[in-house]
Amino acid sequence: MHKYKHKNRQSGFSLLELMATVAVGGILLAVGLPSFVNLIKTNRLATQTNSVLTALHLARNEAINRGHNIRVLTITGDTDWAAGWQVRLDVNNDGITDAEDTVLRSFDAIEKATLVGDTNNVIYQSSGFVEAVNSITLTAYECTGDDIRVIDVKLSGLVSSSKQTCP
């Protein structure tokens, strides 16, 4: 004699339950995806801004520590910083990129944004001051809201960044 009786029931989901679950998942995805795309864009801008700030801080610290001019300059030689930039030790303090200069660090090109400066370089003197004020503007492609970051380099060598609204 068997104590347990087997019921002839099948387990699983019905087609109706599966369709309802897929519909709810689709609605949640449709609502959440635009927010996620915006989050990715905001994080990319923050990372790119921090990369420029890192280069400028490194240059200022190295200028003070080494007692030489340190240049942060574009790879292309023009005011378009988006292709990448370098921090270079200007051994002979002549302000010209030549064979004696040493590359301290290179930074990769940025993606899905423009990065344009007032000039093609920022020169930190051994005092930590810069030769001229400079402003570098990072603008996201498909700019909406406050997708512009402006990095200002003051004569004292200190840098700051601020958000600006897209035109």
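A few notes on this one:
- The peptide list 22-32, 96-106, 131-141, 80-90, put in order of mean Cβ contacts within 10 Å with the highest first, becomes 80-90, 131-141, 96-106, 22-32.
- On Cα atoms only, tilt of 15-66 relative to the major axis of the chain in degrees: 20 degrees
- Mean separation of Cα contacts under 8 Å (6+ apart) over length of the chain, as relative contact order %: 17 percent
- For the stretch 123-135, backbone phi angles converted through the Karplus equation (6.51, -1.76, 1.60; θ = phi - 60°) give residue-by-residue couplings of 10, 8, 8, 4, 7, x, 7, 9, 6, 8, 5, 8, 9 Hz, Gly and Pro being listed as x.
- Potential extension, Glu142-Glu100 segment - 0.36 nm per residue separation minus Cα distance: 11.0 nm
- Expected 222 nm ellipticity per residue - DSSP helices of 4 or more, -39500 (n - 2.57), all of the chain, to 500: -11500 deg cm²/dmol
- Close amide H contacts of Asn134 (hydrogens built in the peptide plane, cut-off under 5 Å, sequence separation of 5 or more or a different chain): Val153.
- Phi to ³J(HN,Hα) by Karplus 6.51 cos²θ - 1.76 cosθ + 1.60 over the stretch 97-106, Hz, x for Gly, Pro: 6, 9, 5, 6, 5, 10, 7, 8, 6, 10
- Computed lengthening from Ala109 to Ala46, 0.36 nm per intervening residue step minus Cα-Cα distance: 21.2 nm
- Taking a ≥ b ≥ c as the square roots of the eigenvalues of the Cα gyration tensor, the stretch 50-110 is classed as oblate, since a/c reaches at least 1.5 and a/b does not exceed b/c.
- Efficiency of FRET between Ser156 and Ser35 - r from beta-carbon atoms, R0 45 angstrom, step 0.05: 0.70
Every number in this text was worked out from the coordinates using simple rules, so none of it is lab data. A quick note: this is a predicted structure, and the numbers were derived from the prediction, not measured. In this analysis, Cβ positions are derived from the backbone assuming ideal geometry, glycine residues included, and neighbour counts consider all displayed protein chains.
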